[in-house]
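Novice: This is the structure I have questions about; it appears just below.
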Amino acid sequence: MTDQRTPSALDAAPIKLSRKDFASDQEVRWCPGCGDYSILAQTQKVMPDFGVPKENIVFISGIGCSGRLPYYMNTYGFHSIHGRAPTIATGLKEARPELMVWVVTGDGDALSIGGNHILHSMRRNVDIRVVMFNNRIYGLTKGQASPTSEFGQKTKSTPSGSADYPIHPLVVALAAEASFVARAVDTQTEHLQGVLERAGFHRGSAFVEVLQNCNIFNDGAHRAFTERDVREDRQLVLEHGKPMLFGKNHDLGLRLNGVRPEIVRVGEDGITEADILVHDETSEDPTIHNMLARIYWPEFPVPIGVIRNVPRPTHDELVDAQVRDAIARQGPGDLAKVLRSGETWTVQ
Amino acid sequence: MTITKGHEVPVQELDRVTIRFAGDSGDGMQLTGTQFSRTAAVFGNDISTLPDYPAEIRAPAGSIPGVSGFQISFSSSEIHTPGDAPDVLVAMNPAALRANVRDLAPGGAIIVNSDAFTPPNLAKAGYAMNPLTDDSLRSYTVFDIPVSTLNARALDGLDMTSKQMDLTKNFFALGIMFWLYGRSMETTQAWIEEKFGGRPIVAEANRRALNAGYAFGETTEIFHTTYRVAPAHLAPGTYRNITGNEATALGQLTASKLADRQLVYASYPITPASEILHQLSGWKNFGLKTFQAEDEIAAIGAALGASYGGAMGLTGTSGPGMALKAEMLGLAVMVELPLVVIDVQRAGPSTGMPTKTEQSDLLQALFGRNGDSPIPVVAPATPAECFDYAIEAWRIALRHMTPVVYLSDAFLATGSEPWRIPELDSLPDLRVPNRTDRAGFYPYERDPETLARPWAVPGTPGLEHRIGGLEKLDVLGTISYDPDNHHRMQQLRAEKIARIARDIPPLDVFGPPEGELLILGWGSTYGAIRSAVERLQDTGRKVAHAHLRHLNPFPTNTADVVRAYDRVLIPEINMGQLRMLIRSMFLVDAEGFNLVRGKPFTISEILAKAEQVLGDPARPTR
């Protein structure tokens, strides 16, 4: 393999743009009060931070309420079919590795109909940023159970309660070897901006779960730990290199008891900050990352922020390098020669 | 012709010979057949081949399902098919004999490896008695040769197990055939050197097996005649032997060169299309990229994504994969991006018979999507034509901004024939520009002639726009639910594809421009139809052959052609798909000839059917 890197949109000299440059002329048509408005706003806000000309940015979506987002971004955009956005993104990056590509998806789009493509785009480390809006319901089809709906949840399609166990999106992302895994909340706008910005600067497969409220069909799905007055006690805000502390007084912490996480209070029973797990998002070993992806309210605080962030050569770079290597090794292809390969004979 | 060594045997000149090599799927029959084909092709014969192998990689040894065959016809004149009935059957075991003997021409020759006719092998093949001794093969000339024993003797002293030695017995049989038809062993010797150069013992074993077979032919007295088939008078040029899949891959590579765009081939492994992925993966130094996707949908999705980025997005599959790609093909219709989908058809429905040929995806290609979603369809007629139609598929896709389906089939894909290598400067220029001018840019503004929309690829400043599967407002390309707009867009999409008819050659007729009978075909039935029509014309019948390569839209003269004959016969390896189209579009009472057995028509089957139609005055079409 040659070590020459494939140029990325992030390598070019940054240019100055504003949030306004990224808003298209299309009227935004989500339900009033939908969490998608905030995700769109934060996305538009962070775009100028990358310094990438908007013609080099592409938003690709599937089907669902999230699928509409590309229409509102004044970049290149492709509203594709249900679950398949990662496949189009993968092909686009094969052809045009230098573009900055975002995939916008939902819990049904990414984890149900498109589950296979999420797995494989992540394991290949395709250089795409997947933002998955998780409202734990099918909204656009008016309220059926999604793969993240709660067990026993009553929806239009599950009047007796869902008999399906929900999937943990970030556990799936980690199992698929995503090189960047994070979680954010639609209403916590500054934090969301920070996570989107970090995802944008990441090279390789970034998977961001945004807990998003569908106020029509699944209102309050995340309320128990996202309401302003309970957030601090019920969320664990992850920061690289910092102990996993939370709570209004910043005195609750996570430590390992054997192989199990437990919540302890610093200052009680002789526990000090030194006993608390320190977050290392760059750890190659995913054990703690898996634990963070899995723990959830009400047993544990809900971790938000960047869980995993490891460098790995991207699929686009590797594929590009194979082409460069083939040219270096065999010389540029000679079509006339290939057409004449094998035994030939001449008829006069 | 003089025989320099061994016994003197008379030499008989023949115009055409058809040989079938058959054995267990582990016996190397495909390789044996391929080596004989290459040798015949390099010698200058016209050739046509038909491999026939089971889907199982190794079915139980010695069983009938495990039989693998390879038929080659070689001739001193132009031929179009791999031959109806073999003149010679080489059978490496009882199962191979039993599975193939009924296809042999009466009086044909059978060469068997008598060592394989053991009681267990006879039982596995379902023989109660040994057919070599019970006189059941009396209508054939049987040469029973203890191939395994003779071959082991020739390899004596090599550091190999007897099992390893026996793996080379196919080359002993090949050596006999080379002697019998007066062929040079050079091509195969060179192949052994190239293939096994790094493994001297294996190379030596194969060389010895080949030479021993040849020498056996020279010295044994069981053969009373040898045969010669003179070179054919092919058009001047440089030739190579080529299979349909090889020609498809080369055509794709060439199209990318002619269009001066990167080719991105995304595919999921499927019989019988996988060789195309293997071939293209080896040509990365041309700058092309290949991608083995996680499934058929991802493959076409990636191809469409590549086309969105300005590359030539290509995917390839067979029928079952085609079914999975349907929704993405519909998206390609809606977003109006160039894309080529190769469907190497095989016997269906469902998994069907994966290694066997069929023409049953025509209606799927045309209509297998939700909504009215017209897509151009092209279909090569011979293995060599696969090259031309790969280029033609791209010419249409790029010029008209549309997905195109290219229908090959298992017979074309694995069959081979001599191919006259084209000069690059004789091929069409496929270059089309990207849209770069931002003044007056609208994503769905159309070229007044072709109705193609502009190709505005990401990275182009000022042309940022959104596309997708939702209905588009005419010209502006924004989302629209307006009823009249939807109707207009449906008409535009249909008209765009219909206009391609202006851009393709007329349907060529072989034979009288009007008359008693037109035999109309498409795809791999070409050879059998053409040969049958030649024979009918020789008897003075007013019979013509027309072969469609463009199945959507049809050439503009198609209506005139099908209405110019008393009768229209459409042979297809399906239940009558083209016939349904011709009848419904042109109100012609076309008759079908439909044999769906996973194998090509023979010439005599077409001939017999045509004679039956000609002899039946009851149903004139006009």
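Novice: Could you check segment B:204-293 for strands (runs of 3 or more DSSP E) lying wholly inside it with 1 or more residues that are in contact (Cβ under 8 Å) with a residue 24 or more places away in the chain and away from chain A (no Cβ under 14 Å)? Please lay out each step first, then the result.
Specialist: Numbers: elements: B:226-229, B:237-243, B:263-267, B:289-292.
Of the strands (runs of 3 or more DSSP E) lying wholly inside segment B:204-293, those with at least 1 residues that are in contact (Cβ under 8 Å) with a residue 24 or more places away in the chain and away from chain A (no Cβ under 14 Å) span B:226-229.
Novice: Checking residue B:435 against (1) touching a strand residue (DSSP E or B) at 6+ places or on another chain (Cβ under 6 Å); (2) open to solvent by 10 Å² or more (accessible area, probe 1.4 Å): exactly one of these is not met. Which one?
Specialist: Against the list (1) touching a strand residue (DSSP E or B) at 6+ places or on another chain (Cβ under 6 Å); (2) open to solvent by 10 Å² or more (accessible area, probe 1.4 Å), residue B:435 comes up short only on (1).
Novice: Given the criteria within 14 Å of residue B:67 (Cα to Cα) and either open to solvent by 20 Å² or more (accessible area, probe 1.4 Å) or assigned to a strand (DSSP E or B) (or both), does residue B:102 qualify? Walk me through how you get there before you give the answer.
Specialist: Details: within 14 Å of residue B:67 (Cα to Cα): no; either open to solvent by 20 Å² or more (accessible area, probe 1.4 Å) or assigned to a strand (DSSP E or B) (or both): yes.
So residue B:102 does not fit the description; no.
Novice: How many residues are among the hydrophobic types (A, V, I, L, M, F, W, C) and free of Cβ contacts under 8 Å to residues at least 12 places away in the same chain if we restrict to segment B:105-128? If you could, list the steps in order and put the result at the bottom.
Specialist: The initial filter retains those residues of segment B:105-128 that are among the hydrophobic types (A, V, I, L, M, F, W, C), namely B:105, B:109-112, B:116-117, B:122-123, B:125, B:128.
Add one more test, that the residue is free of Cβ contacts under 8 Å to residues at least 12 places away in the same chain, and what stays is B:123, B:128.
Matching residues across segment B:105-128 total 2.
Novice: Right, something else. Only one of these conditions is not met by residue B:257: (1) in contact with a helix residue (DSSP H, G or I) (Cβ under 6 Å, 6 or more places away or on another chain); (2) under 17 Å from residue B:383 (Cα atoms); (3) among the basic types (Lys, Arg). Which number is it?
Specialist: Condition not satisfied by residue B:257: (2).
Novice: Which of the residues spanning segment B:294-351 are at the interface with another protein chain (Cβ under 7 Å from one of its Cβ atoms) and assigned to a loop (DSSP other than H, G, I, E, B)? Can you show your working first?
Specialist: At the first step, the residues of segment B:294-351 found to be at the interface with another protein chain (Cβ under 7 Å from one of its Cβ atoms) are B:294-295, B:297-298, B:301-306, B:308-311, B:313, B:327-328, B:331.
Within segment B:294-351, B:294, B:295, B:309, B:310, B:311 qualify.
Novice: What residue, of A:166, A:159, A:147, is modelled with pLDDT of 95 or more and closer than 21 Å to residue A:89 by Cβ? Talk me through it step by step, then tell me what you get.
Specialist: On the way: A:166 fails: closer than 21 Å to residue A:89 by Cβ; A:159 fails: closer than 21 Å to residue A:89 by Cβ.
Among A:166, A:159, A:147, only A:147 is modelled with pLDDT of 95 or more and closer than 21 Å to residue A:89 by Cβ.
Novice: Return yes or no: is residue A:86 within 14 Å of chain B (Cβ to nearest Cβ), on the phi < 0 side of the Ramachandran plot and in contact (Cβ under 8 Å) with a residue 60 or more places away in the chain?
Specialist: no
Novice: How about segment A:227-323: which strands (runs of 3 or more DSSP E) wholly inside it have at least 1 residues that are open to solvent by 10 Å² or more (accessible area, probe 1.4 Å), under 19 Å from residue A:195 (Cα atoms) and at pLDDT 95 or above? Please lay out each step first, then the result.
Specialist: On the way: elements: A:235-237, A:252-257, A:260-265, A:302-309.
The qualifying strands (runs of 3 or more DSSP E) are A:235-237, A:302-309.
Novice: Which of the residues spanning segment A:324-338 are open to solvent by 30 Å² or more (accessible area, probe 1.4 Å), facing chain B (nearest Cβ under 7 Å) and outside any helix (DSSP H, G or I)?
Specialist: Of everything in segment A:324-338, just one residue is open to solvent by 30 Å² or more (accessible area, probe 1.4 Å), facing chain B (nearest Cβ under 7 Å) and outside any helix (DSSP H, G or I), namely A:332.
Novice: Still on this model: Hey, among B:507, B:518, B:451, B:473, which residue is touching a helix residue (DSSP H, G or I) at 6+ places or on another chain (Cβ under 8 Å) and within 13 Å of another protein chain (Cβ to nearest Cβ)?
Specialist: Details: B:507 fails: within 13 Å of another protein chain (Cβ to nearest Cβ); B:518 fails: within 13 Å of another protein chain (Cβ to nearest Cβ); B:451 fails: within 13 Å of another protein chain (Cβ to nearest Cβ).
From the options B:507, B:518, B:451, B:473, the qualifying one is B:473.
Novice: What's the number of the only condition in (1) part of a helix (DSSP H, G or I); (2) open to solvent by less than 70 Å² (accessible area, probe 1.4 Å); (3) within 14 Å of chain A (Cβ to nearest Cβ) that residue B:183 fails to meet?
Specialist: Checking residue B:183 against (1) part of a helix (DSSP H, G or I); (2) open to solvent by less than 70 Å² (accessible area, probe 1.4 Å); (3) within 14 Å of chain A (Cβ to nearest Cβ), the one that fails is (1).
Novice: Can you give me the number of residues within segment A:112-123 that are assigned to a helix (DSSP H, G or I) and surrounded by 24 or more Cβ atoms within 10 Å (Cβ to Cβ)? Break it down stepwise before answering.
Specialist: Of the residues in segment A:112-123, the ones assigned to a helix (DSSP H, G or I) are A:112-113, A:115-123.
Okay, now just the ones that are also surrounded by 24 or more Cβ atoms within 10 Å (Cβ to Cβ), so A:117-118, A:121-122.
So the answer is 4.
Novice: So, in segment A:149-184, of the ones that are touching a strand residue (DSSP E or B) at 6+ places or on another chain (Cβ under 7 Å) and farther than 25 Å from residue A:119 by Cβ, which residue ends up most open to solvent (accessible area, probe 1.4 Å)?
Specialist: A:156
Novice: Go through segment B:133-180 and give me each residue that's among the hydrophobic types (A, V, I, L, M, F, W, C) and open to solvent by 60 Å² or more (accessible area, probe 1.4 Å). Walk me through it before giving the result.
Specialist: Restricting attention to segment B:133-180, the residues satisfying the condition of being among the hydrophobic types (A, V, I, L, M, F, W, C) are B:137, B:142-143, B:145, B:147, B:150, B:152, B:154-155, B:158, B:160, B:165, B:167, B:171-174, B:176-180.
Of everything in segment B:133-180, just one residue is among the hydrophobic types (A, V, I, L, M, F, W, C) and open to solvent by 60 Å² or more (accessible area, probe 1.4 Å), namely B:167.
Novice: Continuing with this model, one more query. Take the residues of segment A:31-81 that are among the aromatic types (Phe, Trp, Tyr) and more than 14 Å from chain B (Cβ to nearest Cβ): which is farthest from residue B:309 (Cα to Cα)? Explain how you work it out, then say what you get.
Specialist: Our first condition is that a residue be among the aromatic types (Phe, Trp, Tyr); within segment A:31-81, this holds for A:37, A:50, A:59, A:71-72, A:76, A:78.
Keeping just the survivors that are more than 14 Å from chain B (Cβ to nearest Cβ) gives A:37, A:50.
Numbers: A:37: 29, A:50: 21 Å.
Among residues in segment A:31-81 that are among the aromatic types (Phe, Trp, Tyr) and more than 14 Å from chain B (Cβ to nearest Cβ), the one farthest from residue B:309 (Cα to Cα) is A:37.
Novice: Then there's this: So, in segment A:1-20, how many residues would count as being crowded, with 16+ Cβ neighbours inside 10 Å and in contact with a helix residue (DSSP H, G or I) (Cβ under 7 Å, 6 or more places away or on another chain)? Full working, then the answer.
Specialist: Within segment A:1-20, the first condition is being crowded, with 16+ Cβ neighbours inside 10 Å, and the residues that meet it are A:6, A:8-10, A:17.
After this cut, where a residue has to be in contact with a helix residue (DSSP H, G or I) (Cβ under 7 Å, 6 or more places away or on another chain) as well, the list is A:6, A:9-10, A:17.
Residues in segment A:1-20 being crowded, with 16+ Cβ neighbours inside 10 Å and in contact with a helix residue (DSSP H, G or I) (Cβ under 7 Å, 6 or more places away or on another chain): 4 in total.
Novice: I need the full set of residues from segment A:62-103 which are in a helix (DSSP H, G or I) and of a type in the set (A, V, I, L, M, F, W, C), in order please. Steps first, answer last, please.
Specialist: Start the filter on segment A:62-103 by keeping residues that are in a helix (DSSP H, G or I), which leaves A:65-72, A:85-95.
Scanning segment A:62-103 gives A:65, A:69, A:85, A:88, A:89, A:92, A:95.
Novice: In addition: In segment B:20-49, which residues are touching a Ser or Thr at 6+ places or on another chain (Cβ under 8 Å), open to solvent by less than 30 Å² (accessible area, probe 1.4 Å) and more than 12 Å from chain A (Cβ to nearest Cβ)?
Specialist: Selection gives B:21, B:22, B:23, B:24, B:25, B:27, B:29, B:33, B:48, B:49.
The values are calculated or read from the model by the stated rules, or taken from the named source; none is laboratory data. Worth saying up front: this structure is predicted, and the values here are computed from it rather than measured. All Cβ positions, glycine included, derive from the backbone under ideal geometry; neighbour counts span all protein chains shown. Areas reflect the complete protein model, heavy atoms only, side chains present, ligands, DNA and RNA absent. Shrake-Rupley method; radii C 1.70, N 1.55, O 1.52, S 1.80 Å.
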